[in-house]
Amino acid sequence: MQEKLTDALRSLKARMEAFLAARVLTKDDDWADSIGRAVSMQAAADDVVRAVVQQARQNGATWQVIGDALGVSRQAAFQRYGKPIDPRTGEPMNTTPLSGVAELASSTIEDLASGQWTRVTEQFDPTMRDGLSEDALAAAWAQIVGLAGAFEGRGEPEATRAGDVTITNTPLSFEAGDYTARITFRDDRTIAGLHLLEGRMS
């Protein structure tokens, strides 16, 4: 574990030195290279945090302690840095969210906001199709509009892998209230769950 931390620190140091060694850009220059190097440093810094968290866990630190240090809940810390074991197989679980899931969630919300009920229900998996009709979906959206006014916009979706699905939470703003769209996607990109929850989820 110490080796992982040492390697992560060396990588971060190398990327920082490369960034500092690069020429200083003027306002007329292309910033793409500098931005790319900064993103590379950010990724390397996250590797350092990951290695320290793993070392802390090995030495008995609780997820509550780690979450407090990161400024997030213990569950959020676990979801980002934990290594859950699948109780069905005893193997480490895949914790990487479905690729492109933020775009999927955003598109679904845009369809909801514009009344494209068919587009939404066409993405449902068989269980969702059996349980939620277009009319019921439209009625649920209308109920929220009746309680909180017109839809005004959405925030950025946050995605978490949970077992065999990816769960997205997207903040929604209405005239007189905030909601969260919680949409669950299967790996085949179908929707396995859709909930409109009052308030903003942390």
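Taken together, the values in this text are just the output of simple stated rules run on the coordinates, not laboratory data. These numbers were taken from a predicted model, which means no experiment stands behind them. Here the Cβ positions follow ideal geometry from the backbone for every residue, glycine too, while neighbour counts run over all protein chains shown.
General observations
- Net dipole in debye of the chain [+1 Lys, Arg Cβ; -1 Asp, Glu Cβ; about Cα centre; nearest 20]: 920
- Remark: the Glu17-Gln55 segment gains 11.1 nm on full extension, using 0.36 nm per residue and subtracting the alpha carbon distance.
- In degrees, nearest ten, helix 32-58 long axis to first principal axis of the chain (Cα): 90
- Helix 134-148 vs. the chain, principal-axis angle (Cα, 0 to 90°, nearest 10): 80
- Stretch gain in nm, segment Thr62-Arg88, where the contour uses 0.36 nm per residue and the Cα spacing is subtracted: 6.9 nm
- Think of the range 72-202 as having a plus end and a minus end, set by charges on the Cβ of Lys, Arg, Asp and Glu; of Ala77, Ile183, Leu197, Ala77 sits farthest toward the positive end of this dipole.
- Spin-label zone in the range 134-165 - amide nitrogen under 14 Å from a point set 7 Å from the Cα of Met201 along the C-beta vector: 155-163, 165
- Using the Cβ-Cβ distance between Thr6 and Gln75 with R0 set to 25 Å, the FRET efficiency from 1/(1 + (r/R0)^6) comes to roughly 0.25.
- From the coordinates shown, semi-axes √(5λ) of the Cα gyration tensor in Å corresponds to which of (1) 32, 22, 19; (2) 27, 22, 15; (3) 37, 24, 16: (3)
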